[in-house]
1. Within the range B:49-65, which residues are within 7 Å of another protein chain (Cβ to nearest Cβ) and under 27 Å from A:Glu96 (Cα atoms)?
2. Could you grab the pairs with beta carbons closer than 9 Å, sequence gap of 6+ or different chains, first residue in the range A:1-18 and within 23 Å of A:Arg110 (Cβ to Cβ) and facing another protein chain (nearest Cβ under 9 Å), second one assigned to a loop (DSSP other than H, G, I, E, B) and among the polar types (S, T, N, Q)?
3. Of all residues in the range B:204-217 being assigned to a helix (DSSP H, G or I) and within 25 Å of A:Cys57 (Cβ to Cβ), which is modelled with the lowest pLDDT?
4. If you scan the range A:19-34, which residues turn out to be more than 7 Å from chain B (Cβ to nearest Cβ) and open to solvent by 10 Å² or more (accessible area, probe 1.4 Å)?
5. Conditions first: (1) closer than 19 Å to B:Tyr175 by Cβ; (2) among the hydroxyl-bearing types (Ser, Thr, Tyr); (3) free of Cβ contacts under 8 Å to residues at least 60 places away in the same chain. B:Thr208 passes all but one, so which condition is the exception?
6. As an exercise: evaluate B:Asn11 against (1) surrounded by fewer than 20 Cβ atoms within 10 Å (Cβ to Cβ); (2) in contact (Cβ under 8 Å) with a residue 12 or more places away in the chain; (3) within 16 Å of A:Gly130 (Cα to Cα) and give the number of the one condition it does not meet.
7. Which one is nearest to B:Gly216 (Cα to Cα) among residues in the range B:159-172 that are charged (D, E, K, R) and surrounded by fewer than 13 Cβ atoms within 10 Å (Cβ to Cβ)?
8. Limited to the range B:173-210, what total is found for residues that are open to solvent by less than 10 Å² (accessible area, probe 1.4 Å) and aromatic (Phe, Trp, Tyr)?
Amino acid sequence: MLPHLDAAYTLAFWLTRNEDQARDAVQEAFLRAFRFFGSFRGEDGRPWLLKIVRNACYELLEREHASAGAGEFDEEAVGAEATAPGAVLVFPVNPETAAIERANRELVRRCLKAMPHDYREVLVLRELHGCSYKEIAVIAGVPIGTVMSRLARGRRLLRARIGESVKREETGT
Amino acid sequence: MNCTDTTRLMNAYSDGELELAMSLAVEEHLESCARCRGSFAGLQAVRGAIGRGCEFQAAPESLRSRVRAGLDGECARRPWALLRSPLAVAAPGLVALVLAGWLVVAEVMKGAGPPVAAQTRVVYHVSSSDTASAALRNLANHLQAAPGVKVVVVAHNNGVDFLLRGARDQSNRLYEAEVKRLSQRGVEFRVCYNTLERRQIASSEVITEATLVPSGIAEIGRLQSREGYVYMRL
């Protein structure tokens, strides 16, 4: 029996977007957790472990990114534009809400995978793992205020992308 | 509550992260404002879409076995890591079980008072790379003068440098060899993970003789207050 292995794998999968890398990162994270274990005291084990998983994922991606050369993270540029400091966070009143409700599973997964990782990680931790803002802050190593704003911006961006994709699919463009 | 406030708090409201009074204020505004209601419907729609499209994933069985085998290997290589746990089981195969029990263990540890020291216990605090050589020299002398003394070295700040792969002293000797000798004599080396994060050092850079602790300072405090260690700064 291994505690939180599914939670660890789910997070690793959505951060690396690749099953093999997710497995490697989880393996590495559990070894680190074991090395930490002698000093682990008191706190809740799950956020503690997920933090280790998260860091293992980013280190793995960075290593592979460095060895493969640039070119994989073009999405970041798109994300940066939509989330410049001071960007308005209002959800416009939008007929696309109905379109989002029609979005199929594959389309949603594709859109979430294409999100910049800062947003993807808070969205996954909140929506899939059901973590509280405080837990997400611990895992991602950012203040709670940042968790709040990333969730708001992330949902807004994801909503726009799902809406556009549904429209494109339906009009066949 | 106006539209700007509602927009700012809408996500926290949807996530159940607002206090009751704040929550009620948001609700009240949503009831009276069609524009914010539209925004909120959009927010709920995107949350619903994620819920429908992305479920929690079960780890593949092959990963489960791989992790378990990896932990068993780690256990065989560094049994003292387990001996530090109050369960004191070092048999391969039990590692996963021990890891599973960490919350229970943590609770037990919280309840336990400082144990009576059966031996002299000393924690060496190394916080600068300049003093690492002196620390190791003193440590060897210390072990010679007081056989049976238990020593834990906690490294933080630039003090972690000598525990990184390939680190050499002023005479160009690898620290690793000396650390290995000392750890065979029961000395434990613990590295502050906060320091690694802050200095952006990957934990894989740390030599295998050393274990990681979340915070070097917290570890020193814990050793002194909970395990009866005497503090020595080098």
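The values are calculated or read from the model by the stated rules, or taken from the named source; none is laboratory data. Quick caveat, the model's predicted, so the values are computed rather than measured. Positions of Cβ are backbone-derived with ideal geometry, glycine not excepted, and every protein chain shown enters the neighbour counts. To get the accessible areas, we keep the full protein, side chains included, count just its heavy atoms, and leave off ligands, DNA and RNA. Shrake-Rupley method; radii C 1.70, N 1.55, O 1.52, S 1.80 Å.
1. In the first step, residues of the range B:49-65 are kept if they are within 7 Å of another protein chain (Cβ to nearest Cβ); the result is B:49-54, B:56-59, B:63-64.
Once the filter is applied, which keeps residues that are within 7 Å of another protein chain (Cβ to nearest Cβ) and under 27 Å from A:Glu96 (Cα atoms), the range B:49-65 yields B:Ala49, B:Ile50, B:Gly51, B:Arg52, B:Gly53, B:Cys54, B:Phe56.
2. Qualifying pairs under 9 Å: A:Asp6/B:Gln57; A:Tyr9/B:Gln57; A:Thr10/B:Gln57; A:Phe13/B:Gln57; A:Trp14/B:Gln57.
3. Here is the first cut: in the range B:204-217, the ones assigned to a helix (DSSP H, G or I) are B:204-205, B:216-217.
Filter again for within 25 Å of A:Cys57 (Cβ to Cβ), leaving B:204-205, B:216.
Numbers: B:Ser204: 82, B:Glu205: 88, B:Gly216: 90.
Among residues in the range B:204-217 that are assigned to a helix (DSSP H, G or I) and within 25 Å of A:Cys57 (Cβ to Cβ), the one modelled with the lowest pLDDT is B:Ser204.
4. A:Glu19, A:Asp20, A:Gln21, A:Asp24, A:Glu28
5. Status for B:Thr208: all satisfied but (3).
6. (1)
7. If we filter the range B:159-172 for residues that are charged (D, E, K, R), which is where we start, we get B:161, B:165, B:168-169.
Then drop every residue that is not surrounded by fewer than 13 Cβ atoms within 10 Å (Cβ to Cβ), which leaves B:165, B:168.
On the way: B:Arg165: 19, B:Arg168: 22 Å.
Restricting to residues being charged (D, E, K, R) and surrounded by fewer than 13 Cβ atoms within 10 Å (Cβ to Cβ), the top hit is B:Arg165.
8. The initial filter retains those residues of the range B:173-210 that are open to solvent by less than 10 Å² (accessible area, probe 1.4 Å), namely B:179, B:182, B:187, B:189-192, B:195-196, B:203, B:206-207, B:210.
Cutting the leftovers down to aromatic (Phe, Trp, Tyr) gives us B:189.
Qualifying residue count, the range B:173-210: 1.
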